[in-house]
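All remarks here apply to the structure that follows.
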Amino acid sequence: MNGWEVFKVLLSVAMVMAVALPEPARAVPAAVAASVDSTATILSAGFESLVQDPPAGWSLVDNAGTGALWRFDDPAKRGNNTGGTGGFAIADSDYAGAVNMDTELRTPLLDLSGYETVTLRFETLFEHEAGETAAVELSTNGGAGPWQPLWSRSGGNYGPATEELDLTSLAAGKPNIMIRFHYYGANYAWYWKVDDVALTGIPRAQHQLAVTVNGSGTVASSPAGISCPATTCSALFYDGLPVTLTATPAADYVFSSWSGACTGTGPCVVTLGGAAAVTATFVPSTRNLNVTVSGAGQGTVTSVPAGIACSAGSCNGAFDTGSQVELIATPSTGSVFAGWSGDCTGTGACTPTMTADRNVGAAFDPALTVELTIGTATTLHTTLTAAMAAIANGSAAAIKARAMEFPESLAISGGKSIVFYGGYAEGFGSVAGYSVLRGTVTVGVGTLTASNLAVR
């Protein structure tokens, strides 16, 4: 053993003996004493276990890969002369010997979102020989870093001392904080001791945010706390911290709008300064129904529920997704409904289900309102004028007309002999009333015998 090693051993023995002396009384730091009613302890470690492993949640890092790590069992029996008592943490390069030492003692991951102020306090003693550094550093990204310097010592001995660091600007209100005690640049040097690590802070006020959901959909919050209506529709969040609400519609629904503490349809971000309430409204999504009216006749197509009222060309209406719409075709006087096309067929009921956009055509034709018999031949016509034109001059004919209004005139000429039977029902099998002529009756050369005919 050379002379320097003998000196280090003697100094170590002297320091062990020194810990038996009574410590002077230490005042409670003013900041802690003044805020005892409002300051909360976030993290506390006295390293009292006297075993090699770190406290629960803490971790060790060996950057040099030599196995020289922080210890908690005082392997060289140096005693606690940090200003604290009992157990302590030590990075002891002298005990590790002639190996490189670069080791970290890391706190658990800390969520400080709920704190307005944050203070770090610890007891320390740094015995320096050559090249080694003791540093306290902070990351706002957990163990991934980067690491920001808080405190460091190198180039000379330091302590025993009580250190108190205000971390408010770096750590308050942030969720992924980690602090490390980093001892590096050592090879058979001395040591660094740390004890009574305490992280304290003043909690932020909390306010209730309540969510109401109208319609079918969900609202979730970030930070977590609200999942409505599945589990929780109200939660407490920290004063001054933004809370983002996300609206997700159910199948066949769309998000309509926010109301209350948020408005419109954009992102909802609430920064709470007191209790707040937000309503999210979801409405059924819609599908488009297009109706096209065609044909030589006339008529109107309407819908139940309302939305379509179409008598010419194309008409559109929006209906709730999945709903059933009834289309009703009503022919005008003198016209008949000829049938549906597209998403409905035939002449019966048309009830499309709006699981997708639908297209329906409705055709109306002129009604066959006149039956003409010449001899044994019978033909159907849409107007009296058309029927009269089919009778040759000098011929005899029988005309049956529907019980409806005819907006035309009747002229007998050319020696035609006409027997007119009015007021027939559809199919011309029975009499149902009168045929009404909205025009004039003129008899020139020829004859007209009429029954159930009114001229107005």
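Taken together, the values in this text are just the output of simple stated rules run on the coordinates, not laboratory data. This one's a predicted model, so the numbers in the text were calculated from it and none came from an experiment. Here the Cβ positions follow ideal geometry from the backbone for every residue, glycine too, while neighbour counts run over all protein chains shown.
Summary of values
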{"item": "Gained length - V455 relative to T232, 0.36 nm times residue gap less alpha-carbon distance", "result": "72.6 nm"}
{"item": "For F337, F88, order by how many other beta-carbon atoms lie within 10 Å, fewest first", "result": "F337, F88"}
{"item": "Exposure proxy ranking, count of Cβ atoms within 10 Å, fewest first, for L109, L384", "result": "L109, L384"}
{"item": "Sequence ranges 101-108, 213-220, 68-75, ranked by mean other-Cβ count within 10 angstrom, highest first", "result": "101-108, 68-75, 213-220"}
{"item": "For the chain: lysine pairs under 21 Å (alpha-carbon distance), excluding those fewer than 8 apart on one chain", "result": "4"}
{"item": "Euclidean distance of C-alpha centroids, the stretch 40-55 and the stretch 228-275, integer Å", "result": "41 Å"}
{"item": "Between the stretch 298-357 and the stretch 394-456, the Cα center-to-center distance that results, in Å", "result": "35 Å"}
{"item": "Cα-based Kirkwood hydrodynamic radius, the stretch 370-455, one decimal, Å", "result": "12.6 Å"}
{"item": "When the convex hull of its Cα atoms is projected in every direction, mean area for the stretch 300-422 (nm²)", "result": "9.2 nm²"}
{"item": "Test item: Cα-centred dipole of the stretch 40-203, Lys/Arg +1 and Asp/Glu -1 on Cβ, debye", "result": "160 debye"}
{"item": "Assigned charges on the beta-carbon of Lys, Arg, Asp, Glu; the chain dipole about Cα centre (debye)", "result": "2600 debye"}
{"item": "Where the Cα pairs of the chain fall when distances are cut into 10 Å bins, in %", "result": "4, 14, 14, 10, 9, 7, 7, 7, 6, 6, 5, 5, 4, 2, 1, 0"}
{"item": "Rounded to 10°, Cα long-axis angle of helix 3-18 versus longest principal axis of the chain", "result": "80 degrees"}
{"item": "Sorted peptide list for 140-149, 245-254, criterion being average Cβ within 10 angstrom, highest first", "result": "245-254, 140-149"}
{"item": "Residues T383, T369 arranged by fewest to most Cβ contacts within 10 Å", "result": "T383, T369"}
